[in-house]
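For reference, the structure discussed in these notes is given below.
The values are calculated or read from the model by the stated rules, or taken from the named source; none is laboratory data. Quick caveat: nothing in here was measured; it's all calculated off a predicted structure. For neighbour counting, all protein chains shown are included, and Cβ atoms are generated from backbone atoms with ideal geometry for every residue, glycine included. Note: areas computed on protein heavy atoms with side chains; ligands, DNA, RNA excluded. Shrake-Rupley method; radii C 1.70, N 1.55, O 1.52, S 1.80 Å.
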Amino acid sequence: LWFLKLIHNTFSLNYGLCLIIFAVIIQVLTSPLTKKTYESSRKMQAIQPQVKKIQEKYKNDAQKMNQEVMKIYRDQGVNPLGGCLPLLLQMPLLMAIFSVFRDTIEFRGASFVLWINDLSQPDILFNLPFHIPLYGDHVAFLPILMGISIFLTQKLSMATMDPAQKPMMYIMNGFFILIFNGFPSGLNLYYTVYNLLNYYQQKSIRLND
């Protein structure tokens with residue numbers, strides 16, 4: 001809240017532009033972590049043949065299998081949870097922005113562009129004549145755009161992922177679109193911009209490999 005107000009008061013911008021600037025700053029700060037995560041994913045893909053051999057060899061001894069797999073991770077310097085780090089870092093920020101635009105009086109009615117006339121409310125394109133569980137009774141545009149941005153990023157990361165894990169990633173993406181449909185448009189604007197920047201960073205890393 002303090003930082004968004006600082007950007008707003010310093011540059012006399014509307015809060016939508018402030019959120020875009022904030023997303024750029026956060027992406028720059030987290031870019032080293034994103035690069036490290038991508039490198040960890042590549043290592044994970046490289047050792048998959050070894051992991052599968054161990055899983056086949058010790059399929060009847062789960063404890064021994066886990067020990068041998070963890071030994072490979074340790075020897076190769078691979079963190080199996082490395083791909084979760086950017087998401088874990090984002091969660092407190094998303095919760096904070098959600099609270100800011102839901103509960104802060106100054107942001108109620110804060111407009112951005114065109115149909116986004118209240119950053120504390122969903123950017124509703126049209127209402128539905130029925131209610132969908134989790135999704136609601138309206139269609140908002142930014143959650144769809146956010147879902148596309150997540151899909152693009154996932155598509156890059158899934159190139160080095162176990163094919164068996166891909167369906168779960170798609171399900172998670174659809175779940176995000178469902179639940180974010182009722183969230184403040186300010187939150188969706190921030191997360192969409194951050195994801196798009198993250199996508200272009202990962203794409204540039206792959207091109208430079």
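So the values come out like this:
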read-out: Cα-based reach from Lys36 at 30 Å (exclusive), listing lysines while leaving out same-chain residues under 8 positions away; value: Lys52, Lys53, Lys64, Lys71, Lys155, Lys166, Lys203
read-out: Range in the chain, longest, excluding exposed chymotrypsin sites (Phe, Trp or Tyr not before Pro) [loop by DSSP; at most 16 other beta-carbon atoms within 10 Å]; value: 116-209
read-out: For Ala140, distant residues with modelled amide H under 5 Å away; value: Leu125
read-out: Using alpha-carbon coordinates, inclination of helix 85-103 to the longest axis of the chain, degrees; value: 20 degrees
read-out: Accessible surface, 1.4 Å probe, highest first, among residues His131, His8, His138; value: His131, His8, His138
read-out: Helix-only [θ]222 nm of the chain, DSSP H runs n ≥ 4, -39500 (n - 2.57) each, per residue, nearest 500; value: -23000 deg cm²/dmol
read-out: Charge sum, other residues only, whose C-beta stays under 13 Å from Lys36's C-beta, Lys/Arg counted +1 and Asp/Glu -1; value: +2
read-out: Between 0 and 90°, nearest 10: helix 141-157 axis offset from the chain longest Cα axis; value: 20 degrees
read-out: Exposure ranking of Met65, Met91 by accessible area [1.4 Å probe, largest first]; value: Met91, Met65
read-out: Percent accessible area from carbon and sulfur atoms, the chain, protein chains only, probe 1.4 Å; value: 64 percent
read-out: Selection from His138, Ser99, Ile25, by position along the positive dipole direction of region 1-154 (Cβ); value: Ile25
read-out: Helix axis angle, 2-11 relative to the chain longest principal axis, alpha carbon, degrees; value: 60 degrees
read-out: Over the chain, equivalent-ellipsoid semi-axes from the Cα gyration tensor in Å; value: 38, 20, 14
read-out: Positive-end residue, the chain charge dipole about Cα centroid, Cβ charges, pick of Ile54, Leu152, Ile171; value: Ile54
read-out: Mean accessible surface per residue for the chain, computed with a 1.4 Å probe while every protein chain stays in place, in Å²; value: 58 Å²
